[in-house]
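S.K.: First, the structure itself, so that you have it in front of you.
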Amino acid sequence: MAEADAAVVRNEETEEEEQVVNPWEVSAGKGGIDYDKLVDQFGCQRLDDALVARVARLTSRPPHRFLRRGLFFAHRDLNEILDLYEKGERFYLYTGRGPSSEALHLGHLIPFMFTKYLQDAFKVPLVIQLTDDEKFLWKNLTVEESKRLARENAKDIIACGFDVERTFIFSDFNYVGGAFYENMVKVARCVTYNKVVGIFGFTPEDHIGKVSFPPVQAVPSFPSSFPHLFSGNDQLRCLIPCAIDQDPYFRMTRDVAPRIGYQKPSLIESRFFPALQGENTKMSASDPNSAIYVTDSAKEIKTKVNKYAFSGGRDSVELHRKLGANLDVDVPVKYLNFFLEDDNELEHIKKEYKEGRMLTGEVKQRLITVLSELVARHQRARAKVTEEMVDAFMAVRPLPNMFG
Ligand code: TRP
């Protein structure tokens, strides 16, 4: 397995700890994920301040806090998309979700919150793939259950505020066929078995469903997979917001694209949202105490934050006043970094906490308020999503207001 492809990084100081980042596994040693190494190893580009400023200029609005704070931190050819946009050309957005659980946790919301901002800021169409087939293949789910979860998850996605006039949500089980399937086999013919083993780390024991899945996630990157949206627009560029664990799929996609006469998709990639227990892994849908769910009550949020959020505060108040908090490992501060909108307040909290004037309990209290408000808002929005709305987003139809 080629090192560059295997998504395994050795930590030089502690040989035995290695970080593993691929679409199905994210784990790191004690120090958390080394994102710098990941960027170098994957071969993506760093999203620097100049690029963030350029996004702000072109969209005439302040950059999203995820951009201001480097939470979306890497990209591939974002500058090319912006060059075209500056010349008056448009592009489309593509993101997705593997519906493996009933309730989304906060980490799942991040790409969708960010995609919503991109859709509003650039006024472009968006396709959202629900990979119910992927979760059937990887998790022990029935087809019916995967489809049901896809539809339930669609409601949470819609609750993030997407514009039905610019957004097409599809489930693979429903949509794969026609032009989409033609593109899948075109991609498949360009990727050898050795290549997928190199990129994804499949072993001879893996069933062939896994081996044959990657083209399904690849082809929404190509506008011709959506004739009802982009017919006659085969060279329209695509921008994919995602967490960096999805990068292997799109490395493969970008590799194949020019060989079948298509544009390579561009990417904008985020860090992981840490588990309550700390940075060495991402939130896991399978450990309820590692995550805050969008279905949690205010009381549950309070208990989880107080009980499980790893603190960088010191063992005694005395020591804390003297040494201050270790912000590098403090989960409440990391969460505020994602969700507290006010930059000044965030800086104030960090400074006071770091210098020992603020205690963990106070920081957690602020976090509990921020998260409870966010989750309550989400729950209100989701309660308003009707079955008819889901049908409307998922209907195979032209989008009336794509670039309006
Ligand atoms: N594989 C992703 C998951 O398990 C779902 C997905 C499909 C996706 N297409 C995507 C994610 C495009 C980001 C961008 O969640």
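The values are calculated or read from the model by the stated rules, or taken from the named source; none is laboratory data. This one's a predicted model, so the numbers in the text were calculated from it and none came from an experiment. Neighbour counts run over all protein chains shown; Cβ positions are idealised from the backbone, glycine included. Accessible surface areas use protein heavy atoms only, side chains included; no ligands, DNA or RNA. Shrake-Rupley method; radii C 1.70, N 1.55, O 1.52, S 1.80 Å.
S.K.: At 30 Å minimum axial length over the Cα atoms and a Kyte-Doolittle cut of -1.0, report the qualifying DSSP H helices in the chain, or say none. Can you show the working numbers first?
M.R.: Working: long enough: 360-383 (34 Å, -0.32).
Membrane-span-like by this criterion, though nothing is claimed about a membrane: 360-383.
S.K.: Just to verify a number: FRET efficiency for Arg377 and Ser316, C-beta to C-beta distance, R0 = 45 Å, to 0.05? Intermediate results must be reported in sequence, preceding the final value.
M.R.: Details: r = 37 Å, r/R0 = 0.83.
Efficiency at R0 = 45 Å is approximately 0.75.
S.K.: Could you list which residues have their amide H under 5 Å from that of Ala74, counting only those 5 or more apart in sequence or on another chain, with H placed in the peptide plane?
M.R.: Leu47, Glu269
S.K.: For the chain, with all protein chains present and a 1.4 Å probe, just round the carbon and sulfur fraction of the accessible area to a whole percent. Intermediate values should be presented prior to the final figure.
M.R.: Working: 8860 of 17550 Å².
Carbon and sulfur together cover 51 percent of it.
S.K.: Would you mind working out the accessible area per residue for the chain, using a 1.4 Å probe, and quoting it in Å²?
M.R.: 43 Å²
S.K.: Using a Förster distance of 30 Å, how high is the FRET efficiency between Glu341 and Thr203, based on the Cβ-Cβ distance and rounded to 0.05? It would help to have the intermediate numbers written out before the result.
M.R.: Working: r = 45 Å, r/R0 = 1.49.
The calculated FRET efficiency here is 0.10.
S.K.: May I pose another question? What are the ³J(HN,Hα) couplings of region 161-172, residue after residue, when phi is run through the Karplus curve with 6.51, -1.76, 1.60 and θ = phi - 60°? Round to Hz, x for glycine and proline.
M.R.: After applying 6.51 cos²θ - 1.76 cosθ + 1.60, I find x, 5, 8, 4, 7, 10, 10, 10, 9, 9, 9, 4 Hz.
S.K.: Would you pull out the residues with amide H under 5 Å of Ala325's amide H, same chain only if 5 or more places away, H placed 1.01 Å from N?
M.R.: The answer is Lys354, Glu355, Gly356.
S.K.: Can you tell me the relative contact order of the chain? Whole percent, Cα pairs under 8 Å, sequence separation 6 or more.
M.R.: On the way: 649 pairs, mean separation 79.7, N = 404.
Relative contact order, the chain: 20 percent.
S.K.: Can I ask one more? Want the number for Trp24 to Lys210: 0.36 nm per residue separation, take away the alpha-carbon distance, what's left?
M.R.: Values: separation 186, 0.36 × 186 = 66.96 nm, distance 1.12 nm.
Value of the extension gain: 65.8 nm.
S.K.: A further question on this structure: In debye, nearest 20, what is the charge dipole magnitude of the chain about its Cα centre with +1 on Lys and Arg Cβ and -1 on Asp and Glu Cβ, if you could check? Before the final figure, lay out the partial values.
M.R.: On the way: 53 positive and 59 negative charges, 216 e Å.
Value, rounded to 20: 1040 debye.
S.K.: So, one more: If amide hydrogens are placed 1.01 Å from N in the peptide plane, which non-local residues have theirs closer than 5 Å to the one on Leu93?
M.R.: Under 5 Å from the amide H of Leu93: Leu126, Val127, Leu239.
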